[in-house]
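J.: This is the structure I want to talk about, given as structure tokens.
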Amino acid sequence: MNRTLIETSNDMRKRSHAPYSNYKVGAAVETESGEIVGGCNVESSSYGLTCCAERTALFRAIAEGHTSFKALAVSTENGGSPCGACRQVIWDLCKDIPIHICDKNGLVKTLSSSELLPEAFDDSHLL
Ligand code: THU
């Protein structure tokens, strides 16, 4: 388990833009080359346009040129776990990696992406 990954994920909570829910979420992804890329949730006044912290981190990492990922951490005050939409995107972009779920005190538990999204739909099903 990578401490910097969890520390970055926790630090990213401070960047959260969550004026509607006030639920601050940070995330960080570890790339194949060992870089750590962070993200936070960014809310919109049109609530459905909000982007979760996990997807912000992954999309940022992709935009920075990374294509392969080793682990992801998500941090909230109370140890919330990734939403369904993020589980799908994590599976699509990372396949089966450890997901570290953290609260304000640190690591709560680690689950794999396949535990979070069993029997996932993915590109192997596309005709
Ligand atoms: N949120 C995340 O950033 N990640 C999740 O996996 C769950 C939900 C955000 C979205 C919204 O800004 C706030 O938490 C409340 O739903």
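Any read-out appearing in this document is the output of simple, stated calculations on the displayed coordinates, not a laboratory observation. Since this is a predicted model, take the numbers as computed values, not measurements. Neighbour counts are summed over all protein chains in view; Cβ atoms, including those assigned to glycine, are modelled from backbone coordinates with ideal geometry.
J.: Relative to the compact globular guide of 2.2 N^0.38 Å, what is the alpha carbon radius of gyration of segment 1-40, as a ratio? If you can, show how the numbers build up before the last one.
T.: Details: Rg = 11.0 Å, N = 40, 2.2 N^0.38 = 8.9 Å.
Against the compact-globule rule of thumb, the ratio is 1.24.
J.: Can you tell me what percent of all Cα-Cα pairs in segment 3-125 are more than 27 Å apart?
T.: Working: 786 of 7503 pairs.
Above the 27 Å cut-off, segment 3-125 has 10 percent of its Cα pairs.
J.: How many nm is it between the label spots at R60 and E32, if each spot is 7 Å from the Cα in line with the beta carbon?
T.: Between R60 and E32, the simple spin-label model gives 2.2 nm.
J.: Go ahead and set up a Gaussian network model of the chain, Cα springs under 10 Å, then flag whichever of G106, G48, G84 fluctuates most.
T.: G48
J.: Relative to a virtual label point 7 Å from the Cα of K70 in the Cα→beta-carbon direction, which members of segment 82-123 show backbone nitrogen distances below 12 Å?
T.: Output list for this probe position: 98.
J.: Another question, then. If each DSSP helix of 4+ residues adds -39,500 (n - 2.57) and the sum is divided by the residues in the chain, what number results at 222 nm, nearest 500 deg cm²/dmol? Please list the in-between numbers first.
T.: Working: 4 runs with 36 residues, N = 127.
It comes out at -8000 deg cm²/dmol, rounded to the nearest 500.
J.: Which whole-Hz couplings ³J(HN,Hα) result when phi for each residue of segment 80-86 is put into the Karplus expression 6.51 cos²θ - 1.76 cosθ + 1.60, θ = phi - 60°, listed in order with x for Gly and Pro?
T.: With coefficients 6.51, -1.76 and 1.60, one gets x, 9, x, 6, x, 4, 5 Hz.
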